[in-house]
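The values are calculated or read from the model by the stated rules, or taken from the named source; none is laboratory data. Given the structure is predicted, the values throughout are model-derived calculations rather than measurements. So basically every Cβ, Gly included, is an ideal-geometry build from the backbone, and we count neighbours across all protein chains shown.
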Amino acid sequence: MKKKLTDNLGLKILAVLCSVVLWLVVINIEDPVIRKKFSDIPVTILNTDSVTEQGKVFEVLDGTDTIDVTVAAKRSIISTITRESIVATADMQDLTFMNTVHINLATNENNDKLENIRSDTENLKVNVEDVKRVQMVIETTTAGEPGDGYMLGEVSTDQNLVRLSGPESKISKVARAAVEVSVEGITTSIQADYPIRLYDADGNIIEDKSITKSISNITVSATILQKKEVPLRFAVSGTPADGYQATGEITSNPETVVVAGRNNVIKNIAEIAIPEEALNITGQNSDMLTLINLKQYLPENVFLADSSFSGKVSVTVYIEKEETAEIRVDANNIVLQNVPEGMEAEIRNMEEPAVLETVGLAENISKLTDLTITGFVDINTLKENDKLAAGTYHPEVTLNLPDGVELREPFQVVLSVAEAQTDKAEEKEEE
């Protein structure tokens, strides 16, 4: 058997090869018709203005603007056709009352040599609606928090309106237009372009190609401010009622506030000073409690960092009734300062000791206990034209009293000024 198979092997192989060649020759001579399928062919929509000029807009349904096409032609023709050769069009002038448009198929070469060209999708399906146009304010929202020690300041945009156009059913779903800016962790002001997004009433993003926006992006500028905690400083004006004094103590709630501003401004802010005219204690005979609005006293370009803080501060100026106390001053405890050379000055006819009445707050009056009171007279204050003439003067004595303690009445003494006796004796000796 093996011998029979191998007998004339060369002739047998030659016979097979001849058969194949003969088959190929026959096939090429006959050029049979074959079919070829092309997928995802786009449909070009023609004469759309026939719809839009009527104040309407259309939307393609069910993805019928992308189709699969099958071409039948002879092998020699099929080999020249590619996906790019196929032309699918739908003319909106042929729109039916069922809102369909027949899809015409052809090839841009050898179209007349095709046996057949067809698609399972014969019609473009559309939804036709009235056009709705609206104008919306663009909201600006921020996400995140700036870096530690910083806060978000003013946020501004180069435009704040967008015009929308599209099918009435789609436009009616748009509740707002907004851009979102992330400020998470930033410490410097920013300026950048951000996309405008549309949202429905539930806050869901609407992404619909049938809706046209007049602008797609806007430029947003966000100012980042540095924060700083600073104390409040108060001053008072006016005089309390007779017999009363301000203690000098002023308290506020809060005592400090956090302010914010640009770096080059905030670095120079050490405190918030409230001017004295804001706290007038004229005629007060008890502690004065008042509200002060800090906002009107903030330096330019400085803001309160806490948006929940109204800026109103409760301020208390403490006022107490005066106390009185008698003091005694000995003449030898009064120093005569700046007596000119060649002159003598002495206090005459002063009661020993002088009894004087002082007034002040209880805390200060208590410091007078067991205190030796001293004082002085500055002779320079008695000069005229920078010269001191001999004679009798009635200068006021400045006493060294504790802070907050004053004399009820000025304390004056009789002062005698004369030429020094030693100088006169020398003159007699010279004579």
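Filtering the range 39-57 to residues that are under 18 Å from Lys132 (Cα atoms) and either among the hydroxyl-bearing types (Ser, Thr, Tyr) or not in a strand (DSSP E or B) (or both) leaves Thr48, Asp49, Ser50, Val51, Thr52, Glu53, Gln54, Gly55.
Residue-wise test of (1) under 17 Å from Leu225 (Cα atoms); (2) surrounded by fewer than 17 Cβ atoms within 10 Å (Cβ to Cβ); (3) at pLDDT 95 or above.
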site	(1), (2), (3)
Arg133	no, yes, no
Val137	no, yes, yes
Val162	no, no, yes
Ser165	no, yes, no
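Comparison of Leu356, Leu407 shows that the only residue that is touching a Phe, Trp or Tyr at 6+ places or on another chain (Cβ under 9 Å), under 25 Å from Ala241 (Cβ atoms) and either free of Cβ contacts under 8 Å to residues at least 60 places away in the same chain or surrounded by fewer than 18 Cβ atoms within 10 Å (Cβ to Cβ) (or both) is Leu356. Mind listing just one residue for me: the one in the range 395-421 that is part of a strand (DSSP E or B) and closer than 15 Å to Glu323 by Cα and, of those, nearest to the chain's Cα centre (by Cα)? Top of the filtered list is Val405.
Scanning the range 199-220 turns up no residue that is farther than 30 Å from Thr157 by Cβ and outside any strand (DSSP E or B). Filtered by the rule that a residue be over 16 Å from Val128 (Cβ atoms) and not β-branched (Val, Ile, Thr), the range 73-101 gives Ala73, Lys74, Arg75, Ser76, Ser79, Arg83, Glu84, Ser85, Ala88. Candidates in the range 69-90 are the residues that are of a type in the set (Ser, Thr, Tyr) and within 58 Å of the chain's Cα centre (by Cα); of these, the one that is nearest to Ile103 (Cα to Cα) is Thr89. Arg233 meets the stated requirement of being surrounded by 12 or more Cβ atoms within 10 Å (Cβ to Cβ), of a type in the set (Lys, Arg) and modelled with pLDDT of 95 or more. From the residues in the range 41-68 that are under 50 Å from the mean Cα position of the chain (by Cα) and acidic (Asp, Glu), which one is nearest to Asn110 (Cα to Cα)? Across the range 41-68, the extreme among qualifying residues is Asp65.
Total residues in the range 377-423 satisfying the condition of being of a type in the set (Ser, Thr, Tyr) and either on the phi > 0 side of the Ramachandran plot or modelled with pLDDT under 90 (or both): the figure is 1. Here is the figure for the range 273-331: residues that are within 26 Å of Lys367 (Cα to Cα) and either part of a helix (DSSP H, G or I) or out of contact with any strand residue (DSSP E or B) (no Cβ under 9 Å at 6 or more places or on another chain) (or both) total 1. Scanning the range 275-297 for residues that are surrounded by 15 or more Cβ atoms within 10 Å (Cβ to Cβ) and more than 26 Å from the chain's Cα centre (by Cα) turns up Ala278, Leu279, Asn280, Ile281, Gln284, Asp287, Met288. Within the range 373-394, can you find the residues that are part of a strand (DSSP E or B) and in contact with a Pro (Cβ under 6 Å, 6 or more places away or on another chain)? Of everything in the range 373-394, just one residue is part of a strand (DSSP E or B) and in contact with a Pro (Cβ under 6 Å, 6 or more places away or on another chain), namely Val377. The set of residues in the range 298-314 that are of a type outside the set (D, E, K, R), exposed (fewer than 15 other Cβ atoms within 10 Å of the Cβ) and free of Cβ contacts under 8 Å to residues at least 24 places away in the same chain comprises Ser307, Ser308, Ser310.
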